[in-house]
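**Q** Structure incoming, see below.
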Amino acid sequence: MANFVSPGVYVVERDISDYTPAVNPTVVGLVGFASKGEPNKAKLITSQENLVKEFGRPIEVLPGQAIEGALEILETCNQLYFVRALDSATASDASAMIDMGACPALGVSSAGLGVTSSIYLRVQVTNNEGTNQFDTAKVYSVLAGTSYGAGTAATTQAQAMASVLGAALDTTKVGSYLTASGTDTTIPEVVGNYIVGNFAGSGATLTVEAFGDSALTERSPILYPLDLSGNASGVSGVIPANATIGLGVGDGAGVAPMNSYANSGIGGPSGPGFVSAVVRGVSFVNGSGTNGLGYLAQSIYEGAGYNTSTLTDGTVLGNSITVKDLGSFNNTIQVNEEGVALENFKVSLLNSGNFVEDVINTGETNLTSNIIKGNLYSEGVDLATITKFGNYTDKLANLGTLGVVRGSKGAMTVNRGGAVASDTSAAELNTDGRYMDSRFNKFIAGTYSMFDGDNGTGADSDAETTALIGTTSPSRSGMQVLDDDLVPVTLAAVPGITTAAVQNALITLAEATGDFLAVFGAPHGVGNVGDAIDYSNGLTTYRSTPFNSSYAALYFPHVKVFQTFLGKDIFLDPAIFAIRQMGFTDTVADLWFAPAGFQRGRLTKPTEVEVSINRGDRDAMYSGGNAVNPIVNFAGQGITIFGQRTTQREPTALDRINVRRLMIFVKRVIEAATRRFIFEPNDPVTQEAITNLLKPLFQDIKQRRGITDFKVICDETVNTPVRVDRNELWCKVIIKPTKAAEILVFELNITNQSAKVS
């Protein structure tokens, strides 16, 4: 309070105005099945593009018409909560197994090379399609006197070769990798290198010839195969001249392991002739057997919409994975949605941190991709028996059986005859990706389709019903998700579903919350008005109990529209267009205006009604408690919604949709406006403040023709001592809703010429 001392005029400002929060009267909740997307969550959708991105396009095999309905409603409503129902018993991820193939690899002895003698290598690489990658074979040399670092002669020799070749090779097609730096110089592979082709799979080959002079005439026997663990197999394992062999384990289909050639009986490493080899890559078949290995990409959420398929018009649906070969053991994993590349991940099989399982991540959380999750898998693609590698050690070990230079920070190891040799002196090589954690494997380039997903629509109608109705425990699912203060729906439907249990559950939820109007259509195929009335009264095989609620509305018949995504005309649930026109009404007028008639009920998109309805039919549909709202094709005036009854059978103001929607709106506005008075003193000051807040609200509705009169009472007459002692503040509001002029009667009086007209 200001302290006024001297005489004068003082103007003090005090804000006694109040406000009423804005409430969107047209928030739609749809429950149904979709081809993809997060299940059992009310997802706010604001556009058709957003809907298709989140939940996929319409697919006729899905029960109901939730997606089709949402697409239509979003043309007049900009807030729609979509709940994807899911039967967890039948739902499954769509997936794609990306094949991993072994790269052709060959051991090259480094004993004496680079320090005491020179070596020349002639190399040709063939890709998966059998095409030579060099116009003429490349020649690489490691000359006598070359050195790298310090240490034993063996170490120096090995590192010299790795250093020279690593810098000289065309790494987009072929690479060189150090095996180990052991001190036992009698075992050549301990101080050797690998020459590795950068193309994986059965179509890839690597041809290597070794020479002792620059003229490429004196041949040197320094080539060694790899054994089952990806290691050179010893001095007796030199490769016979011009031998053709496979890399890795046998696949059970005639591809032999490399060490089947280990004892050819033609001599040791110093003998003549053992100078040339053609080494083939292996595609590890992801079927049965123990040697299958790949990366299984799975959809983040269950759904067959992740499956790749093609429509009759050639449109590609669903998701696929494209592997692009970037060379040097690098790939791009591209995730496609409906034929369009949405995500790209650069991955490598060389260094930890760039492995696909690290780049894309695995599991249900902490995903980099918005579409897929994944993990390395062994065995076949049967998800019931497939083995997932749970940690990096497992992954590296399993890859090692297919040809890997095993390594660790600070040391490099190599398996020779069951013994392990290690030398920590190789620590200086840890920073060079050419040497450490090198896998002689690569994803095989190509496009891999997602497959075997299931939308979880249930094995039968009972399962579908259960999924749509949902549960409240342990968490909300299905339509129960709509019972949430953060999901402010005012209209709700399960389009295309006419199962009585589903409809009754939605009505029960609407009545329990008091928040929304449930909108339904009579089943597709109901052939006449009489059957539609019987349906409303629970006298058909579809329903055994009548509709009877002011929180529900029923429409008939279905209407035909052209569905753009399906590319054809289809009959849609009339509830879809009833909600659509309610949204239109709220845009051009107010929600308490009837969403019917030629002003606000005319449907512009439908081209046909399933059943023609005349005036006598309309009288029957509207009489008594039948309460079926007709959709009529008027000659010259178009297809029009011509009714606005709720299904309430008692003749009160709430048997009309405009009044029920008014009451839903008023309740939401009052709740939003007065929430701030919770925990305020329950005294005349607070009561007067509430009165002053509500009176302008209802006066505004009156001026906008929603009500004809009102009264707000919030004083001691309703806030009795007993109620105050219970910590309750009461406010009574009396309103007279404006009724719609549904029947226009003009009395025409005919009189004689002599009569006086007054």
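**Q** Can you find even one residue in segment 486-496 that is surrounded by fewer than 17 Cβ atoms within 10 Å (Cβ to Cβ) and either polar (S, T, N, Q) or assigned by TED's automatic domain parsing to the domain that holds residue 592 (or both)?
**A** Looking for residues that are surrounded by fewer than 17 Cβ atoms within 10 Å (Cβ to Cβ) and either polar (S, T, N, Q) or assigned by TED's automatic domain parsing to the domain that holds residue 592 (or both), one finds at least one in segment 486-496, hence yes.
Here is a yes/no grid of residues against (1) charged (D, E, K, R); (2) more than 20 Å from residue 202 (Cα to Cα); (3) at pLDDT 80 or above:
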| residue | (1), (2), (3) |
| --- | --- |
| 272 | no, yes, no |
| 279 | no, no, no |
| 286 | no, no, no |
| 297 | no, yes, yes |
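One line per residue, one yes/no per condition, for (1) among the polar types (S, T, N, Q); (2) modelled with pLDDT under 95:
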site: 538; (1), (2): no, yes
site: 541; (1), (2): yes, yes
site: 551; (1), (2): no, no
site: 558; (1), (2): no, no
site: 566; (1), (2): no, yes
site: 581; (1), (2): yes, no
site: 597; (1), (2): no, yes
site: 607; (1), (2): yes, yes
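**Q** Same structure again: Taking the conditions exactly as written (over 28 Å from residue 486 (Cα atoms), part of a loop (DSSP other than H, G, I, E, B) and not acidic (Asp, Glu)), does residue 681 satisfy them or not?
**A** No.
**Q** Name the pairs: first residue in segment 44-67 and in the same structural domain as residue 494 (by TED's automatic domain parsing), second residue surrounded by 15 or more Cβ atoms within 10 Å (Cβ to Cβ) and polar (S, T, N, Q), Cβ to Cβ under 6 Å, at least 6 apart or on different chains?
**A** That search, which allows pairs on different chains as well, returns 46/78; 56/35; 59/35; 63/457.
**Q** Looking at segment 740-757, I want the residues that are in contact (Cβ under 8 Å) with a residue 24 or more places away in the chain and have a partner that is surrounded by 10 or more Cβ atoms within 10 Å (Cβ to Cβ) and not aromatic (Phe, Trp, Tyr) with Cβ atoms under 7 Å, at least 6 apart or on another chain. Which pairs are those?
**A** These pairs meet every condition: 740/594; 740/644; 740/656; 740/658.
**Q** Here's something else I'd like to know. Which condition breaks for residue 90 when tested against (1) surrounded by fewer than 22 Cβ atoms within 10 Å (Cβ to Cβ); (2) at pLDDT below 90; (3) closer than 27 Å to residue 485 by Cα?
**A** (3)
**Q** What are the residue pairs meeting all of these: first residue in segment 706-727, first residue assigned by TED's automatic domain parsing to the domain that holds residue 691, second residue of a type outside the set (Ser, Thr, Tyr) and assigned to a helix (DSSP H, G or I), Cβ atoms under 6 Å, and 6 or more apart or on different chains?
**A** Pairs found: 706/662; 707/701; 710/698; 712/694; 712/695; 714/687; 714/690; 715/687.
**Q** Next question. Which count do you get for residues in segment 645-666 that are crowded, with 20+ Cβ neighbours inside 10 Å and in contact with a Lys or Arg (Cβ under 6 Å, 6 or more places away or on another chain)?
**A** 1
**Q** So which residues in segment 492-512 are in contact (Cβ under 8 Å) with a residue 12 or more places away in the chain and assigned to a helix (DSSP H, G or I)? So that I can check it myself, show each step before the final result.
**A** Initial filter on segment 492-512 (in contact (Cβ under 8 Å) with a residue 12 or more places away in the chain): 492-507, 509-512.
Of everything in segment 492-512, those that are in contact (Cβ under 8 Å) with a residue 12 or more places away in the chain and assigned to a helix (DSSP H, G or I) turn out to be 500, 501, 502, 503, 504, 505, 506, 507, 509, 510, 511, 512.
**Q** Determine which single condition residue 489 fails, assuming it passes every other condition in (1) in a loop (DSSP other than H, G, I, E, B); (2) free of Cβ contacts under 8 Å to residues at least 24 places away in the same chain.
**A** If we test residue 489 against (1) in a loop (DSSP other than H, G, I, E, B); (2) free of Cβ contacts under 8 Å to residues at least 24 places away in the same chain, just (2) comes out false.
**Q** Scan 141, 176 and give me the residue that is in contact with a strand residue (DSSP E or B) (Cβ under 7 Å, 6 or more places away or on another chain), crowded, with 22+ Cβ neighbours inside 10 Å and at pLDDT 75 or above.
**A** 176
**Q** Within segment 513-522, is even one residue assigned to a loop (DSSP other than H, G, I, E, B), more than 17 Å from residue 468 (Cα to Cα) and among the acidic types (Asp, Glu)? Let's see the steps before the verdict.
**A** Going through segment 513-522, the residues assigned to a loop (DSSP other than H, G, I, E, B) turn out to be 514-516, 522.
Then keep just the ones that are more than 17 Å from residue 468 (Cα to Cα); that gives 514-516, 522.
Among the residues that remain, those that are also among the acidic types (Asp, Glu) are: 515.
Taking every residue of segment 513-522 in turn, at least one turns out to be assigned to a loop (DSSP other than H, G, I, E, B), more than 17 Å from residue 468 (Cα to Cα) and among the acidic types (Asp, Glu).
**Q** Can you name the residue in segment 94-121 that is touching a Lys or Arg at 6+ places or on another chain (Cβ under 7 Å) and not hydrophobic (A, V, I, L, M, F, W, C) and is also nearest to residue 301 (Cα to Cα) among such residues?
**A** If we take residues in segment 94-121 being touching a Lys or Arg at 6+ places or on another chain (Cβ under 7 Å) and not hydrophobic (A, V, I, L, M, F, W, C), then 101 is nearest to residue 301 (Cα to Cα).
**Q** Does residue 702 satisfy the condition of being at pLDDT below 95, basic (Lys, Arg), farther than 23 Å from residue 586 by Cβ and surrounded by 13 or more Cβ atoms within 10 Å (Cβ to Cβ)?
**A** Here the answer is no, as residue 702 does not meet what is asked.
Residues are listed down the side, and each one gets a yes or a no for (1) buried (at least 17 other Cβ atoms within 10 Å of the Cβ); (2) of a type in the set (S, T, N, Q):
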position: 516; (1), (2): yes, no
position: 523; (1), (2): yes, no
position: 531; (1), (2): yes, no
position: 537; (1), (2): yes, yes
position: 540; (1), (2): yes, yes
position: 545; (1), (2): no, yes
position: 551; (1), (2): yes, no
position: 566; (1), (2): no, no
position: 572; (1), (2): yes, no
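The values are calculated or read from the model by the stated rules, or taken from the named source; none is laboratory data. Everything numeric here is computed off the predicted structure, so don't read it as measured data. Cβ atoms come from the backbone with ideal geometry, glycine included; neighbour counts cover every protein chain shown.
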